[in-house]
Amino acid sequence: MQLPAHINPPAPKRNAAPARAPVYALVGNPNCGKSTLFNALTGLKQKVGNYPGVTVEKKVGTAYSQHGQPLTVIDLPGAYSLAARSPDEAVTRDVLLGRRSDTAQPDRILCIVDATNLERNLYLVHQVLDLGRPVIVVLNMMDLAAEAGMAVFPDKLAQELGVPVIPCEAVRGKGLIELRLAMSRADLPLSRHAWDVPGAIAPAVAEIQASLVAHDAKSPLIARAESLLLLTDQDSVRVAGSTPLSARTTEILAGWQKRWSAENMDWAGTLVSSRYDAIGRIAAEVVQPGTAGQGPSPSDRIDAVVTHPIWGWITLGAVMCLIFVSIFTLAEYPMNWIDRHIAALADWVKGSMAPGDLRDLITDGAISGVGGVVIFLPQILILFFFIGLLESTGYMARAAFIMDRLMSRVGLNGKSFIPLLSSYACAIPGIMATRTIEDPKDRLVTILVAPLMSCSARLPVYLLMIAALLPAERVPLTTKVGIMFLMYFLGTFAAFGFAWLFKRTLLKGVPPMMIMELPPYRMPGVKDVGLHMLERAWIFLRRAGTVILGISIVLWFLSAYPKAPAGASPSEQLSGSFAGMAGHALEPVIKPLGFDWQIGIGLISSFAAREVFVSTMGVVFNAEADDGDTAPLRSALLKARWPDGRMLFTPLVCFGLMIFYVFAMQCISTIAIVKRETNSWKWPLFQTAYMTGTAWILALLVYQVGRGLGF
Amino acid sequence: MPAPSPIARLPLCQLPAGAVGRVQAITGDEGFCQRLREMGCGEAALITKISGTTTSLCQVNGTRIALNHSAAMNILVERVPVPPRTESRRA
């Protein structure tokens, strides 16, 4: 059969299996069950990293064929189209097109399709088929399609597309054996599906394709797919690590676009429309629309409540309360357990080693530094359990929908809600979650304000200051909880306030347009939520074991050297150490806030991570108990005096310190991730300056006004 | 129930809850128009408005989507009588 002129002949079939493990890429629309399938295929054999230069997660796992042969599987971020609108989608596009030097172009592609919404999902499949790579289509959620009364015929789809189509229910593990069998095939057919590129656009496709082959070293099939994509992509999202186009190809593309603009032709719309025409013909053959479901579905009935203008807010408030209460109550037991074991480990090391610098380095530097951070693991796990649960049930999108109205008041949209919510645990996953925000200015504003949300590292500082400010025996618990909520409220209010300010000044732009899919409600996948928590725990522990361990050792060195004369007390040693010298140097700047050089040491050391403030105060004020128990430290703080005998930790100073920590950018890891995300030092430096500047001004106001009022 | 009187285009945010509109035109940012078309909400698509004026909740081709006010302002629809089934993407 003669192929149409614009179709290049397929590459010769490979008869032998490749020597290395074949690389499969998993692609699909968001909410099509892609991650569930990835988890089902690879189990715990997953590695989570990052694509260099961007904060998009790179998930690679190993699956096994029916014959036990290892298969590498890359889980690419969900995308509606290869014409990328966000960094997430840009990574998917670039990996599939072989544009990334850090990731080899996949040998084969698994396209996951939601059977309940075949037509829209086939749009991405249609683009992927153009790539000329062997493709397996996985028709997921066949059970939900059947429940909706739809009949979907996988065989007909396989016939239409000319590639294997595997019906599947990833949540229940159905269809996985058939999928593994298909993945085990040594040779997979290339798609026979052909579609007609509109006549007015075909010459441009041919010219760009020829240029991509000649100037960008692309194979003819990939070049055709890329030329079709370039005409709809508008090249709006470029991410670090993506190979740029050659000047010649860019010139040809611009030439055609200029010509069509002059002719008032909507080339991108025409291409989308012609694809949908081809897809519509396939869908008509493959899907019989449902006869059931004339009335509202269970999802519709739940939505009637959770997206209701009043009930929706009440539901969201209740969910948020549940999350916060769980974080602060359920985490207490495992945190105490970790704390006891860390103290026991430090004691054991102290008992087993001879006194000296090495022992102090291990106990006071490594164990207390890393231990002080690892103690927050339960809180982070609980938060990610809830985030995983909300995402896998489909509620998270509803929460973003409810929040959109509030977010739009400050110039953002509902998609910024999820990063801000994650930032209550830690700003790092919060900043990573901004990758789904399409508008670059909105993404940047969200990154800039996310660290203002009170993260779990601020909690020990708040607890210590509340303990010093309000003695337990005289003040009811509700007052303490009230102050804690005030701090959380201040952080949240500041995040919204600064977002409003940035959207009107630095990062002015047209109001962002948001379109967001609300997936049907589903029962949460226990395995998926569990894996999500494990993944987060691992990332957190890895950070504690690398960055924080390093910083703890450096801080220990700075507070242990130069050595004080023999017989000096620990506080005398600290006063004369490098850290003490830094504290003294800082004192003129912080004295107007009511802070002395000893608090200064805490501020400097906690620049690495906020929670380090508590352990530093323990060392500075020579508290005998470990840093997890604030009672002895509180007594030590209350005894602290200025040289003239005045009390150092007055209620006003404690309150000022809390205000300072609400606003100050005291986290090196966050600065590092903002640098990576924004690809420059400008934004993390600006962020540090505006946050710490605001913290200084507000702490000054609290102290000076408070003193003026006689506190 | 009498069929709604034929009216000119109106932005999606002004379409009353429960009504069905056929997309007549999409305006605004090119990338956004492109994405709407790719998600099956292009010209001629039938959109059922479920609720909302600031943020609109809609049903298109069996999928629920949320559109913020700026987005819904840029989708011009023509109100059509509610068909027996509104799931099909194109008429």
message: Consider the stretch A:81-102. How many of its residues are in contact with a Phe, Trp or Tyr (Cβ under 7 Å, 6 or more places away or on another chain) and either among the hydroxyl-bearing types (Ser, Thr, Tyr) or within 21 Å of A:Leu190 (Cα to Cα) (or both)?
response: 1
Residue that is farthest from B:Ser70 (Cα to Cα), among those in the stretch A:507-553 that are within 14 Å of chain B (Cβ to nearest Cβ) and among the charged types (D, E, K, R): A:Arg522
- request: Out of the residues in the stretch B:43-55 that are among the hydroxyl-bearing types (Ser, Thr, Tyr) and farther than 13 Å from B:Gly21 by Cα, state the one that is surrounded by the most Cβ atoms within 10 Å (Cβ to Cβ).
  value: B:Thr55
statement: Output for Cβ contacts, cut-off 9 Å, separation at least six or different chains, first residue on the phi < 0 side of the Ramachandran plot and outside any helix (DSSP H, G or I) in the stretch A:31-47, second buried (at least 19 other Cβ atoms within 10 Å of the Cβ) and polar (S, T, N, Q), reads A:Cys32/A:Asn117; A:Cys32/A:Asn121; A:Cys32/A:Asn140; A:Gln46/A:Asn39
Unique match (being under 36 Å from the mean Cα position of the chain (by Cα), away from chain B (no Cβ under 14 Å), under 30 Å from A:Met142 (Cα atoms) and at pLDDT 80 or above) among A:Ala225, A:Ala283: A:Ala225
Failed condition for A:Ile338, given (1) within 24 Å of A:Val461 (Cα to Cα); (2) modelled with pLDDT of 85 or more; (3) surrounded by fewer than 16 Cβ atoms within 10 Å (Cβ to Cβ): (3)
task: Mind listing whichever residues of the stretch A:250-272 are more than 14 Å from chain B (Cβ to nearest Cβ), over 37 Å from the mean Cα position of the chain (by Cα) and either within 22 Å of A:Asp216 (Cβ to Cβ) or surrounded by 12 or more Cβ atoms within 10 Å (Cβ to Cβ) (or both)?
output: A:Ile252, A:Gly255, A:Trp256, A:Lys258, A:Arg259
message: Could you check the stretch B:61-78 and list, in sequence order, the residues that are at pLDDT 90 or above and either in contact with a Cys (Cβ under 7 Å, 6 or more places away or on another chain) or more than 10 Å from chain A (Cβ to nearest Cβ) (or both)?
response: B:Ile65, B:Leu67, B:Ala72, B:Met73, B:Leu76, B:Val77, B:Glu78
message: Checking A:Val305 against (1) within 18 Å of B:Ser56 (Cα to Cα); (2) buried (at least 19 other Cβ atoms within 10 Å of the Cβ), only one condition comes out false. Which one?
response: (2)
message: If a residue counts only when it is modelled with pLDDT of 90 or more, which helices (runs of 4 or more DSSP H) contained entirely in the stretch A:633-710 have at least 3 such residues?
response: A:651-663, A:682-708
message: B:Ala19 - would you say it is within 11 Å of chain A (Cβ to nearest Cβ) and not charged (D, E, K, R)?
response: no
- prompt: Hey, among the residues in the stretch A:403-413 that are more than 7 Å from chain B (Cβ to nearest Cβ) and buried (at least 24 other Cβ atoms within 10 Å of the Cβ), which one's nearest to A:Ser299 (Cα to Cα)?
  reply: A:Met407
- request: Starting from residues that are assigned to a helix (DSSP H, G or I) and out of contact with any helix residue (DSSP H, G or I) (no Cβ under 9 Å at 6 or more places or on another chain), keep the ones in the stretch A:268-313 and report whichever is farthest from A:Met516 (Cα to Cα).
  value: A:Ala284
field: Unique match (being within 14 Å of chain B (Cβ to nearest Cβ) and among the basic types (Lys, Arg)) among A:Arg340, A:Arg275
entry: A:Arg275
field: Single residue of A:Ser423, A:Ser416 found to be crowded, with 22+ Cβ neighbours inside 10 Å and either aromatic (Phe, Trp, Tyr) or more than 14 Å from chain B (Cβ to nearest Cβ) (or both)
entry: A:Ser423
task: Would you be able to tell me the number of residues in the stretch B:40-56 that are at the interface with chain A (Cβ under 7 Å from one of its Cβ atoms) and at pLDDT 90 or above?
output: 0
- request: For B:Gly40, state whether it is assigned to a loop (DSSP other than H, G, I, E, B) and touching a residue at least 24 places away in the same chain (Cβ under 8 Å).
  value: yes
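Matching residues to (1) in contact (Cβ under 8 Å) with a residue 40 or more places away in the chain; (2) part of a helix (DSSP H, G or I); (3) under 28 Å from the mean Cα position of the chain (by Cα):
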residue: A:Ala343; (1), (2), (3): yes, yes, no
residue: A:Val349; (1), (2), (3): no, yes, no
residue: A:Arg359; (1), (2), (3): no, yes, no
residue: A:Ile362; (1), (2), (3): no, yes, no
residue: A:Val373; (1), (2), (3): yes, yes, yes
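The values are calculated or read from the model by the stated rules, or taken from the named source; none is laboratory data. This structure is a prediction, so every number in the text was calculated from the model and none was measured. Because the Cβ atoms are built from the backbone with ideal geometry, glycine has one as well, and the counts that use them run over all protein chains shown.
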